[in-house]
Amino acid sequence: KLTTLLLLFISTSLFAQDGWKTFEKDNYSISYPSDWEFSDQNPQPTVAFMLNSPKESQKEDLFRESVNLTIEELSMADYTLDQYTEIALEQVKKQIPSAKMITALPANIGDVEATNIVWSAEVGNGMVLQFNQLFAVKDRIAYVLTFTSTEAEYDIYIEDAAKIISSFKFIK
């Protein structure tokens, strides 16, 4: 099962699927199921967009799974992918002491090297969230795609999330 998921993340050649939409902006595009809700209303300055799972997904646990993209310009520093990933993970550990790293594997977005990190953390009220993040650095810009789910429903949504994340591609 892990091998299958890894292949989904590594593969970035997702062809158009029935019932899927594509969002394209600047130098990237991403596809997502039509029953997922797209928003580019930035809750934080670095968040480019948010995709929320269907509203029915919160029926059991009051949480909507999501995929988002954060973009951070690195013009003041010339970070490598490894350096950026290490700094980001240190921030996670500092801000969320309960964070537990699960896997860290090399990946690609087309010809751009990436790192795929899976981690979990208790976030309050006993809720444990699991995060699957794909980090890439291209042209001094860091791109982080994040799938967030409750730990209990992670296996239910990871297939769609993996397809969404693997559809991400740089178009310039």
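Just so it is clear, none of the values below were taken in a lab; they were calculated from the coordinates. All of these numbers come straight from a predicted model, not from anything done at the bench. Methodologically, a virtual Cβ is constructed for each residue, glycine included, from the backbone with ideal geometry; neighbour enumeration extends over all protein chains shown.
Data for the structure
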item	result
Local electrostatic count at Ile30 - Lys and Arg +1, Asp and Glu -1, tallied over other residues with Cβ under 11 Å	+3
Those trypsin sites (Lys or Arg not before Pro) in region 77-162 that DSSP places in a loop and that have at most 13 other beta carbons within 10 Å	Arg140
Footprinting exposure proxy for Leu69, Leu62 (fewest neighbouring C-beta atoms within 10 Å first)	Leu62, Leu69
Pairwise Lys count, the chain - Cα closer than 16 Å, eight or more residues apart or different chains	8
Within-13-Å neighbourhood charge of Phe170 [Cβ basis; K, R +1; D, E -1]	-1
Average silhouette area of the chain, convex hull of alpha-carbon atoms, in square nanometres	10.0 nm²
Fluctuation leader among Asp160, Asp18, Asp78 - the chain, Gaussian network, Cα springs under 10 angstrom	Asp18
Candidates Asn52, Asn108, Asn27, ranked by Gaussian network fluctuation over the chain, Cα under 10 Å, top entry	Asn27
